[in-house]
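Here's the structure, in structure tokens; my notes come after.
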Amino acid sequence: MINELSRLEDEALQEVVDATTKKELETVRVTYLGKKGPITEVLRGMGKLSAEERPVVGQKANEVRARIQEAIESKQQRLEEEELEQKLAEERIDVTLPGQPLPRGGKHPLTSVVEEVEDIFIGMGFEVTEGPEVEQDYYNFEKLNLPPDHPARDMQDSFYVSQDLLLRTQTSPVQARTMEKKDGKGPVKIVCPGKVYRRDEDDATHSHQFMQIEGLYVDRNVRMSDLKGVLDTFVKKYFGEEREIRLRPSFFPFTEPSVEVDVTCGLCGGKGCRVCKHTGWIEVLGAGMVHPSVLEMSGFDPEEYSGFAFGMGVERFAMLKYGIDDIRHFYTNDTRFLSQFKRA
Ligand code: PHE
């Protein structure tokens with residue numbers, strides 16, 4: 001019986017050594033020290049022993065139990081310490097490590113162009129204004145001298161929201177809105193950037209949504225030469241001092257006379273190449289002197305006041321400056337395209 005107890009002790013201590021988790025250790029405890037375990041069994045069978053044997057075996061059993069118990073407890077403590085250490089190691093933060101760099105975005109090229117154009121005109125005394133994208137037919141067309149059945153409405157296929165609401169086809173309605181607020185008193189000197197919409201098929205040069213920047217200057221004695229001077233200054237500041245402009249007669253219902261403005265080609269310097277279709281010139285703007293009826297409809301006396309207006313396509317200005325060949329690049333959000341415009 002003594003031998004049996006010694007064997008049990010050896011076996012149990014070995015299992016304690018082998019246990020690698022608290023769960024395994026608990027199994028060892030239950031197996032050897034539990035109510036149905038072999039030591040309890042031995043103690044239970046003591047009645048059958050002789051009076052001399054009983055205290056010897058009893059003592060041995062208690063000793064064995066105590067040593068197993070102690071081994072389990074110290075192992076338990078070790079496992080707990082190890083567990084804690086492992087957890088601490090896992091959760092350790094090295095505060096001296098350099099942080100992970102955050103990817104930095106950049107401005108969309110259209111935003112940059114708008115800001116650059118705004119700055120140039122602010123430098124010439126213009127203020128920046130805005131107007132609604134969902135516009136009344138009244139401001140988008142009628143107040144600009146385009147009554148309901150005017151054939152020039154055909155030039156701008158429109159998205160109508162209702163009978164008299166549409167997505168504005170141009171930023172020109174902001175001209176009428178701004179003048180209207182001035183109670184017939186000048187000067188009015190604004191530029192207005194914004195989105196416009198036309199029912200065009202999207203291709204390399206057309207987009208159903210694009211951006212324009214409108215300009216308007218109304219005051220006493222504003223002349224065509226002022227328009228030419230302002231646009232020449234603008235083009236030289238935006239594209240470069242060596243660039244020239246020319247005005248060609250054109251038609252817009254809200255300006256008279258109306259012109260289209262060309263700038264010398266940046267690629268060939270005006271000699272003629274593929275980009276300018278061998279003309280040396282590239283069309284960049286529509287402009288003209290504000291039509292007397294438009295002034296009058298917005299409360300300005302055309303006998304006293306005159307003005308000029310112009311409108312430019314932002315995408316076109318960006319495409320010419322950065323050599324972009326497809327307007328859809330601006331709207332498809334391909335980061336391979338956009339990331340080229342990150343600021344250094
Ligand atoms: N709104 C005209 C267009 O979209 C451009 C323009 C603006 C022409 C102002 C003359 C004056 O085509």
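Numbers below:
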| quantity | calculated |
| --- | --- |
| Residues of region 236-262 classified as within 16 Å of the ligand (Cβ to nearest atom) and either of a type outside the set (Lys, Arg) or outside the structural domain of Lys321 (by TED's automatic domain parsing) (or both), total | 16 |
| Some residue of region 303-310 being out of contact with any Asp or Glu (no Cβ under 7 Å at 6 or more places or on another chain), at pLDDT 95 or above and surrounded by fewer than 18 Cβ atoms within 10 Å (Cβ to Cβ) | yes |
| Residue pairs meeting the criteria (Cβ under 6 Å; at least 6 apart or on separate chains; first in a helix (DSSP H, G or I), in region 52-76; second of a type in the set (Ser, Thr, Tyr)) | Ile68/Tyr32 |
| Strands (runs of 3 or more DSSP E) completely within region 103-210 that count 3 or more residues being more than 14 Å from the ligand (Cβ to nearest atom) | 160-162 |
| Unique match (being exposed (fewer than 14 other Cβ atoms within 10 Å of the Cβ), closer than 22 Å to Met1 by Cα and among the charged types (D, E, K, R)) among Glu26, Glu73, Glu15, Glu41 | Glu41 |
| Residue match in region 316-326 (condition: assigned by TED's automatic domain parsing to the domain that holds Asp219, in contact (Cβ under 8 Å) with a residue 40 or more places away in the chain, more than 16 Å from the ligand (Cβ to nearest atom) and over 22 Å from Tyr238 (Cα atoms)) | no |
| Matching residues, region 283-302, being buried (at least 19 other Cβ atoms within 10 Å of the Cβ) and either in a loop (DSSP other than H, G, I, E, B) or away from the ligand (no atom under 15 Å from the Cβ) (or both) | His291, Ser298, Phe300 |
| Scope region 225-254; condition exposed (fewer than 13 other Cβ atoms within 10 Å of the Cβ) and in a loop (DSSP other than H, G, I, E, B); matching residues | Gly240, Glu241, Glu242 |
| Hey, Val222 under 20 Å from Val114 (Cα atoms), within 16 Å of the ligand (Cβ to nearest atom) and either surrounded by fewer than 18 Cβ atoms within 10 Å (Cβ to Cβ) or of a type in the set (A, V, I, L, M, F, W, C) (or both) or not | no |
| Region 289-310, subset in contact with a strand residue (DSSP E or B) (Cβ under 8 Å, 6 or more places away or on another chain) and of a type in the set (Gly, Ala, Ser), residue farthest from Gln212 (Cα to Cα) | Ser306 |
| Filtered residue count, region 18-44, keeping only those that are without any contact (Cβ under 8 Å) to a residue 12 or more places away in the chain and in a helix (DSSP H, G or I) | 9 |
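The values are calculated or read from the model by the stated rules, or taken from the named source; none is laboratory data. The structure presented is a predicted model; accordingly, all values stated were derived computationally and were not measured. Ideal geometry is used to build each Cβ from the backbone, glycine not excepted, and the neighbour counts take in all protein chains shown.
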